[in-house]
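The values are calculated or read from the model by the stated rules, or taken from the named source; none is laboratory data. Model, not experiment: these values are computed from the prediction. We place every Cβ from the backbone using ideal geometry, glycine too, and count neighbours over all the protein chains shown.
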Amino acid sequence: MAEIKDDGKLAWILRSGWKGCCPRCGKGRMFASWLKIAPECGECGLDYRFASPDDGPAFFSLCIVAFPLTFLVVWFQVAVEPPMWVHLFTSVPLMMAGCLLPLRPIKGWLVASQYVNRAQEAGTEKLWARLHNQASGNAFGD
């Protein structure tokens with residue numbers, strides 16, 4: 001994918017992040033294992049050293065999933081007053097699955113977003129260029 005227009009960026013980010021494919025070519029794999037980012041794309045050779053989603057996936061998973069599920073579990077407790085073992089078999093697996101399953105797509109979306117938008121820390125443009133042996137290039141490193 002040589003050029004992404006502004007109106008197609010979000011769709012490209014969401015698609016490549018959800019599928020875990022390379023944000024440049026859309027064919028190679030972004031992940032080496034469940035949450036570990038591959039060193040580079042096997043198809044186009046994109047070096048994934050630029051990717052630093054840090055705690056973003058966990059934060060978004062907690063905000064989007066854990067908080068609403070917590071309210072659901074509390075409502076269940078107040079409305080039904082089940083014994084604790086019911087929570088052990090319903091609430092705990094629901095919370096664990098709800099928090100762990102979205103981590104990979106969220107991490108993929110963050111990495112794809114960093115690539116498409118050329119996200120980097122302020123003031124590190126020259127260091128970025130030197131590390132990746134490129135002057136300033138286009139937005140997609142081509």
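Scanning segment 85-122 for residues being of a type outside the set (A, V, I, L, M, F, W, C), more than 9 Å from the chain's Cα centre (by Cα) and within 30 Å of Gly45 (Cα to Cα) gives a total of 6.
Return yes when Gly98 is part of a helix (DSSP H, G or I), of a type in the set (Gly, Ala, Ser) and out of contact with any strand residue (DSSP E or B) (no Cβ under 6 Å at 6 or more places or on another chain) and no when it is not. Spelling it out, Gly98 is indeed part of a helix (DSSP H, G or I), of a type in the set (Gly, Ala, Ser) and out of contact with any strand residue (DSSP E or B) (no Cβ under 6 Å at 6 or more places or on another chain). In this entry, Ala129 is excluded by the filter for residues that are surrounded by fewer than 16 Cβ atoms within 10 Å (Cβ to Cβ), modelled with pLDDT of 95 or more, among the hydrophobic types (A, V, I, L, M, F, W, C) and more than 18 Å from Pro23 (Cα to Cα).
Okay, residues lined up against (1) buried (at least 17 other Cβ atoms within 10 Å of the Cβ); (2) closer than 30 Å to Gly98 by Cβ; (3) of a type in the set (Asp, Glu); (4) without any contact (Cβ under 8 Å) to a residue 12 or more places away in the chain:
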| site | (1), (2), (3), (4) |
| --- | --- |
| Leu10 | no, yes, no, yes |
| Ser16 | yes, yes, no, no |
| Cys25 | yes, no, no, no |
| Phe31 | no, yes, no, no |
| Trp34 | no, yes, no, no |
| Ala38 | yes, yes, no, yes |
| Cys44 | no, no, no, no |
| Ala51 | yes, yes, no, no |
| Leu62 | no, yes, no, no |
